[in-house]
Amino acid sequence: MEPLADPQLLIELLDYRMPFGKHEGVRLLELPEPYLAWFARQGMPPGKLGMMMETALVVRSNGLTALCHELRRSLQP
């Protein structure tokens, strides 16, 4: 899996929310980094959610969250 290989994926990630658990409803980019890292160690969920969580972890661990917030502002009408 190659996180961030598709620019559209990053745009979709801006509003993708955690569908279950303690952080249900929280945008993936706003999840605590240790929570994402725990999933990475235990195994990300299968499918699109896992891919989006992995991408969120890459963004968070590389300090790119501010860039994503700037992208969100630039996409707003």
Open item on the list: Can you report the number of residues in the range 2-22 which are part of a loop (DSSP other than H, G, I, E, B) and either surrounded by fewer than 16 Cβ atoms within 10 Å (Cβ to Cβ) or basic (Lys, Arg) (or both)?
Closed with: 10
TODO: Evaluate the following for LEU75: is it within 13 Å of the chain's Cα centre (by Cα) and not small (Gly, Ala, Ser)?
DONE: no
Open item on the list: Looking at the range 1-30, I want the residues that are at pLDDT 80 or above and have a partner that is assigned to a loop (DSSP other than H, G, I, E, B) and among the β-branched types (Val, Ile, Thr) with Cβ atoms under 9 Å, at least 6 apart or on another chain. Which pairs are those?
Closed with: ARG17/VAL26; MET18/VAL26
Open item on the list: Being surrounded by 13 or more Cβ atoms within 10 Å (Cβ to Cβ) and either charged (D, E, K, R) or assigned to a helix (DSSP H, G or I) (or both) is the filter here; which residues of the range 34-51 pass it?
Closed with: TYR35, LEU36, ALA37, PHE39, ALA40, LEU49, GLY50, MET51
TODO: May I ask you to list the residues in the range 39-77 that are more than 17 Å from PHE20 (Cα to Cα) and of a type in the set (S, T, N, Q)?
DONE: THR55, SER61, ASN62, THR65, SER74, GLN76
Task: Selection status of THR65, modelled with pLDDT under 90 and among the β-branched types (Val, Ile, Thr) - done: yes
Task: Residue count for the range 52-64, restricted to those that are assigned to a helix (DSSP H, G or I), surrounded by fewer than 18 Cβ atoms within 10 Å (Cβ to Cβ) and out of contact with any Pro (no Cβ under 7 Å at 6 or more places or on another chain) - done: 1
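The values are calculated or read from the model by the stated rules, or taken from the named source; none is laboratory data. Predicted model only: the values in this text are computed from it and were never measured. Virtual Cβ from ideal backbone geometry, glycine too; neighbours counted across all protein chains shown.
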